[in-house]
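The values are calculated or read from the model by the stated rules, or taken from the named source; none is laboratory data. Note that this is a predicted model, so its numbers are computed, not measured. Note that we place each Cβ from the backbone using ideal geometry, even for glycine, and neighbour counts take in every protein chain shown. Note: accessible area is taken over every heavy atom of the protein model, side chains too, but ligands, DNA and RNA are not part of it. Shrake-Rupley method; radii C 1.70, N 1.55, O 1.52, S 1.80 Å.
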Amino acid sequence: MRLALFDLDNTLLGGDSDHAWGDYLCERGILDGIAYKARNDAFYEDYLAGCLNITDYLNFSLEILGRTEMAQLAQWHREFMRDCVEPIILAKGEALLAEHREAGDKLLIITATNRFVTAPIAARLGVDTLLATECEMLDDRYTGRTTDVPCFKEGKVTRLNRWLGETGLSLADSYFYSDSLNDLPLLEQVTHPLAVDPDPNLRAEAEKRGWPVISLR
């Protein structure tokens, strides 16, 4: 079975769900709209620049999960999906998923954004398999910490290779769609790397390597 791998943020979505979740919490007064937003924006700029300290960011962004009841988190996420995610789901992204689905390909979303944020988005997009940064749980609630290898940069390759070993699938004739130079380690592993509305650094790299550059906007 041929694999079609998709980054999520700024690829299938016309925005970044991780950053948008922080903005959502600030706009509703759940988190400090000045101090938290400033740090959230700074981390996002580091991500765009390719110099994000993923450990520091996860300690910062997951803390809210550890001090909030599961029912409240679920309510917030439903509102977040309605108000923040639905407006940035790209019709051309959904069409691309459908194209690969109809071709009989196995669809997989692989994202650095944590599973709490992204699992409902993957379900909304009809993609059953999600590799994401994992949120630690204890006694049926979040601890506010991460667990496992973050699904970021080389960590995406590590997590994907483990999944391939578990499923017996391979990267033969595989596709990977991404917008970010942070995904270069995985783009180098697949048969068909495609840059989607890429950041300037990935665009330059794709042009140098002769990789297709497409837009879903």
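Can you tell me which residues in the stretch 99-121 are open to solvent by 30 Å² or more (accessible area, probe 1.4 Å), out of contact with any helix residue (DSSP H, G or I) (no Cβ under 8 Å at 6 or more places or on another chain) and either part of a helix (DSSP H, G or I) or within 22 Å of G29 (Cβ to Cβ) (or both)? I'd like the intermediate steps shown before the answer.
Initially, the stretch 99-121 is screened for residues open to solvent by 30 Å² or more (accessible area, probe 1.4 Å), giving 99, 101-104, 106, 115, 119-120.
Next cut, out of contact with any helix residue (DSSP H, G or I) (no Cβ under 8 Å at 6 or more places or on another chain) only: 99, 101-104, 106, 115, 119.
Scanning the stretch 99-121 gives E99, R101, E102, R115, A119.
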| query | Do any residues in the stretch 1-26 that are part of a helix (DSSP H, G or I) have Cβ atoms under 6 Å from those of residues that are among the acidic types (D, E) and surrounded by 22 or more Cβ atoms within 10 Å (Cβ to Cβ), where the two are at least six apart or on different chains, and which pairs are they? | reply | S17/D9
| query | Would you pick out the residues in the stretch 156-197 that are part of a helix (DSSP H, G or I) and among the β-branched types (V, I, T)? | reply | V157, T158, T167
| request: Inspect the stretch 123-146 for any residue being in a helix (DSSP H, G or I) and either more than 14 Å from the chain's Cα centre (by Cα) or not aromatic (F, W, Y) (or both) and give the result as yes or no. | output: yes
| message | Cβ-Cβ distance below 7 Å, separation of 6 or more or different chains: which pairs start in the stretch 184-196 with a residue that is charged (D, E, K, R) and end on one that is assigned to a loop (DSSP other than H, G, I, E, B) and surrounded by fewer than 19 Cβ atoms within 10 Å (Cβ to Cβ)? | response | none
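Does I30 meet the test of being out of contact with any Phe, Trp or Tyr (no Cβ under 8 Å at 6 or more places or on another chain) and either more than 21 Å from D148 (Cα to Cα) or open to solvent by less than 70 Å² (accessible area, probe 1.4 Å) (or both)? Don't jump to the end; show me each part of the working.
On the way: out of contact with any Phe, Trp or Tyr (no Cβ under 8 Å at 6 or more places or on another chain): no; either more than 21 Å from D148 (Cα to Cα) or open to solvent by less than 70 Å² (accessible area, probe 1.4 Å) (or both): yes.
No, not satisfied.
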| query | In the set L73, L62, which member is at pLDDT 95 or above, crowded, with 19+ Cβ neighbours inside 10 Å and not basic (K, R)? | reply | L62
| query | Which residue pairs have Cβ atoms under 6 Å apart, sit 6 or more places apart or on different chains, and have a first residue in the stretch 147-165 that is farther than 18 Å from A49 by Cα and among the hydrophobic types (A, V, I, L, M, F, W, C) and a second that is open to solvent by 50 Å² or more (accessible area, probe 1.4 Å) and assigned to a helix (DSSP H, G or I)? | reply | V149/T158
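Restricting the stretch 27-55 to residues that are part of a loop (DSSP other than H, G, I, E, B) and of a type in the set (G, A, S), which is nearest to R101 (Cα to Cα)?
In the first step, residues of the stretch 27-55 are kept if they are part of a loop (DSSP other than H, G, I, E, B); the result is 28-34, 50-53.
Those still in the list that are of a type in the set (G, A, S) too: 29, 33, 50.
Values: G29: 40, G33: 41, G50: 32 Å.
Checking each candidate, the answer is G50.
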| said: Going through G22, G50, G14 one at a time, which residue ends up being surrounded by fewer than 19 Cβ atoms within 10 Å (Cβ to Cβ) and modelled with pLDDT of 95 or more? | reply: G14
